[in-house]
Amino acid sequence: MKGKIKNFIEFVSKNNPNEPEFLQAVDEVAEVIIPFIENNPKYQNKKLLERIVEPERVIMFRVPWIDDKGEVQVNKGYRVEFNSALGPYKGGLRFHPTVNLSVLKFLGFEQIFKNSLTTLPLGGGKGGSDFDPKSKSDNEIMRFCQSFMTELCKHIGADTDIPAGDIGVGGREIGYMFGQYKRIRNEFTGVLTGKGVNWGGSLIRPEATGYGNVYFAQNMLNYVGDDIKGKTISISGSGNVAQYACEKSIELGAKVVTMSDSSGFIYDSEGIDTEKLQFIMHLKNEKRGRIKEYADKYDCEFHEGRPWVIQCDIAFPCATQNEINEEEAKILIDNGCICVSEGANMPSTPQAIEIFQKSKILFAPGKASNAGGVATSGLEMSQNSLRLSWTREEVDVKLKEIMKNIHTACVKYGKQDSFIDYVKGANIAGFVKLADAMIDQGVV
Ligand code: NDP
Ligand code: 2IT
């Protein structure tokens with residue numbers, strides 16, 4: 001078995017040179033799915049995994065724009081349309097200087113399995129640009145988004161490919177891109193999700209990834225007779241996912257002691273309360289400032305680096321990929337951490353995951369625990385098609401139900417003698433639905 005997995009990884013590596021993040025994501029899936037296929041003849045001799053690792057289509061384009069000084073700038077634009085067996089391509093857009101094909105292929109690949117887990121009719125895709133939105137004016141952001149959409153609008157559509165937000169892409173960027181799409185295509189459709197609630201967006205979509213992650217953690221804890229109430233929580237990041245993971249954690253009676261950005265983290269031993277969280281939301285969403293300003297205002301600790309050195313019962317990594325390494329995983333375990341639920345995509349390195357699993361703590365991979373965001377995007381698409389909007393409560397009930405169902409699916413396929421292997425559970429549950437659809441649809 002080890003040989004089969006090794007051969008497969010070598011094959012993918014040879015076909016996709018210089019794509020370490022993509023390979024990391026494929027490796028995690030292959031370790032689980034190759035043995036599963038070995039035991040299930042139905043999935044053999046169809047080259048299913050070989051087909052899944054090859055995107056159906058990759059679009060790369062030039063994004064020229066003019067900055068406030070009148071100078072021409074050029075960025076790279078991408079959309080990876082990975083798999084449409086379960087529905088139109090669906091997944092976010094990331095604007096960050098670290099964006100490249102490897103990063104977007106890892107995200108698109110993860111998205112296929114995640115979207116399958118949501119139980120909604122969603123294929124997988126991802127896109128973005130190496131554009132850095134930091135310290136750009138609103139006008140520069142608008143001109144960039146318009147140029148980006150001028151090309152992207154040729155490739156997407158409400159029944160083809162429906163992008164949304166991710167790092168560096170929030171309500172403001174979605175608004176500018178939607179405006180340009182509508183202008184060029186002369187169509188008011190649900191071509192993007194994460195739209196403003198006045199023009200087709202869904203209530204709870206901004207909250208959904210963070211809330212969904214907390215719901216997933218609560219499901220894991222409840223399953224072993226525990227509860228989030230009274231727990232000390234460490235969160236990384238201070239963007240969309242982190243903010244709403246913090247809000248829901250506070251609401252459910254936990255104490256959140258850290259948040260971070262790329263400069264460092266704040267440690268508030270008293271706990272971040274609702275009022276302090278409002279300060280962070282204003283700081284990050286309106287002022288676009290640095291998290292250090294929180295430490296200055298509330299007179300608490302600020303440190304460079306990542307928050308995993310702080311004692312916590314639960315960790316919610318909500319910033320970016322590979323932000324918990326082996327050493328940090330050991331520190332978390334030594335400090336008594338009992339649950340890690342990934343809000344970000346692939347925030348734990350493979351070595352860190354191994355530590356968590358050996359320690360048998362509750363560990364949820366992002367494709368399961370952060371699926372609430374894209375699931376609520378799916379609900380936004382449903383509302384757009386119906387041309388009506390559901391209340392906050394209606395959407396929240398559906399989100400909770402979806403997270404519970406994902407948890408149940410993970411337990412079904414991941415149950416071991418003494419713990420639940422959520423990595424195995426999520427990968428197999430995601431794969432089965434996808435593979436069945438691919439078999440039904442023939443070799444395409
Ligand atoms: P935001 O842009 O709103 O926030 C990102 C946060 O992470 C910021 O605090 C940012 O700090 C920090 N960050 C980003 N890159 C790095 C880095 N290289 N090193 C350290 N810190 C970093 O993004 P989101 O909250 O939307 O996304 C966070 C994570 O959640 C990503 O992994 C994303 O893929 C994932 N995700 C998002 C979903 C969504 O609906 N938005 C859905 C599912 C997953 P700074 O401001 O200093 O850059
Ligand atoms: O990683 C993700 O799931 C997202 N960034 C959200 C994608 C979406 O289409 O809502």
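One residue alone among 255, 229, 287, 292 is without any contact (Cβ under 8 Å) to a residue 24 or more places away in the chain and over 20 Å from residue 347 (Cβ atoms), and that residue is 287. Within the bounds of the stretch 69-81, is there any residue that is out of contact with any Lys or Arg (no Cβ under 9 Å at 6 or more places or on another chain) and of a type in the set (Val, Ile, Thr)? Yes, because at least one residue in the stretch 69-81 is out of contact with any Lys or Arg (no Cβ under 9 Å at 6 or more places or on another chain) and of a type in the set (Val, Ile, Thr).
Taken over the stretch 1-40, residues that are modelled with pLDDT under 95 and small (Gly, Ala, Ser) amount to 1. Check the stretch 364-380 and report whether any residue there is away from ligand 2 (no atom under 13 Å from the Cβ) and within 21 Å of the chain's Cα centre (by Cα). Yes: the stretch 364-380 contains one or more residues that are away from ligand 2 (no atom under 13 Å from the Cβ) and within 21 Å of the chain's Cα centre (by Cα).
Report yes if some residue within the stretch 415-425 is small (Gly, Ala, Ser), within 16 Å of ligand 1 (Cβ to nearest atom), at pLDDT 95 or above and under 22 Å from residue 318 (Cα atoms); otherwise report no. Within the stretch 415-425, not a single residue is small (Gly, Ala, Ser), within 16 Å of ligand 1 (Cβ to nearest atom), at pLDDT 95 or above and under 22 Å from residue 318 (Cα atoms). Return the residue satisfying two criteria in turn: it lies in the stretch 374-401 and is open to solvent by 60 Å² or more (accessible area, probe 1.4 Å), assigned to a helix (DSSP H, G or I) and hydrophobic (A, V, I, L, M, F, W, C), and of such residues it is nearest to ligand 1 (Cβ to nearest atom). In this case the residue turns out to be 397. Summed over the stretch 126-157, the residues that are open to solvent by 40 Å² or more (accessible area, probe 1.4 Å) and within 16 Å of ligand 2 (Cβ to nearest atom) give a count of 1. Only a single criterion out of (1) part of a helix (DSSP H, G or I); (2) touching a strand residue (DSSP E or B) at 6+ places or on another chain (Cβ under 8 Å) is not satisfied by residue 363, namely (1). When we screen 39, 100 for residues that are away from ligand 2 (no atom under 16 Å from the Cβ) and either hydrophobic (A, V, I, L, M, F, W, C) or over 30 Å from residue 139 (Cα atoms) (or both), the only hit is 39. Only residues that are over 16 Å from residue 375 (Cα atoms) and of a type in the set (Asp, Glu) were counted across the stretch 391-444, and they come to 4. Is at least one residue of the stretch 181-199 basic (Lys, Arg), within 11 Å of ligand 1 (Cβ to nearest atom) and open to solvent by 40 Å² or more (accessible area, probe 1.4 Å)? Taking every residue of the stretch 181-199 in turn, none turns out to be basic (Lys, Arg), within 11 Å of ligand 1 (Cβ to nearest atom) and open to solvent by 40 Å² or more (accessible area, probe 1.4 Å). If you go through the stretch 296-317 and pick out every residue that is open to solvent by 10 Å² or more (accessible area, probe 1.4 Å), within 16 Å of ligand 1 (Cβ to nearest atom) and not β-branched (Val, Ile, Thr), you end up with 5. When 228, 167, 162, 233 are screened for being touching a strand residue (DSSP E or B) at 6+ places or on another chain (Cβ under 6 Å), open to solvent by less than 10 Å² (accessible area, probe 1.4 Å) and closer than 30 Å to residue 312 by Cα, only 233 passes.
Remark: pairs (first residue in the stretch 165-176, aromatic (Phe, Trp, Tyr) and in a helix (DSSP H, G or I); second residue more than 6 Å from ligand 1 (Cβ to nearest atom) and at pLDDT 95 or above; Cβ separation under 8 Å; 6+ apart in sequence or on different chains) = 176/141; 176/142; 176/145; 176/146; 176/149.
Table: residues versus (1) more than 15 Å from ligand 2 (Cβ to nearest atom); (2) without any contact (Cβ under 8 Å) to a residue 60 or more places away in the chain; (3) closer than 19 Å to residue 150 by Cα.
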residue: 189; (1), (2), (3): yes, no, yes
residue: 193; (1), (2), (3): no, no, yes
residue: 201; (1), (2), (3): no, no, no
residue: 204; (1), (2), (3): no, no, no
residue: 207; (1), (2), (3): no, yes, no
residue: 222; (1), (2), (3): yes, yes, no
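Scanning the stretch 85-119 for residues that are away from ligand 1 (no atom under 15 Å from the Cβ), closer than 15 Å to residue 56 by Cα and either buried (at least 24 other Cβ atoms within 10 Å of the Cβ) or among the β-branched types (Val, Ile, Thr) (or both) turns up just one, 89.
Output the residue which, of all residues in the stretch 51-84 that are surrounded by fewer than 22 Cβ atoms within 10 Å (Cβ to Cβ) and of a type in the set (Gly, Ala, Ser), is nearest to ligand 1 (Cβ to nearest atom). Across the stretch 51-84, the extreme among qualifying residues is 84. Taking the criterion of being closer than 13 Å to residue 67 by Cβ and either touching a residue at least 40 places away in the same chain (Cβ under 8 Å) or in a strand (DSSP E or B) (or both), the residues of the stretch 137-164 that qualify are 137, 139, 140, 143, 144, 147. Quickly run through the stretch 318-352 and pick out the residues that are closer than 15 Å to residue 424 by Cα and open to solvent by 20 Å² or more (accessible area, probe 1.4 Å). Within the stretch 318-352, just 350 meets the criteria.
The values are calculated or read from the model by the stated rules, or taken from the named source; none is laboratory data. Computed from a prediction, not measured in an experiment: that's the story for all the values here. Note that each Cβ is placed from the backbone with ideal geometry, even for glycine, and that neighbours are counted across all protein chains shown. Please note that ligands, DNA and RNA were not included when accessible areas were found on the heavy atoms of the full protein model with its side chains. Shrake-Rupley method; radii C 1.70, N 1.55, O 1.52, S 1.80 Å.
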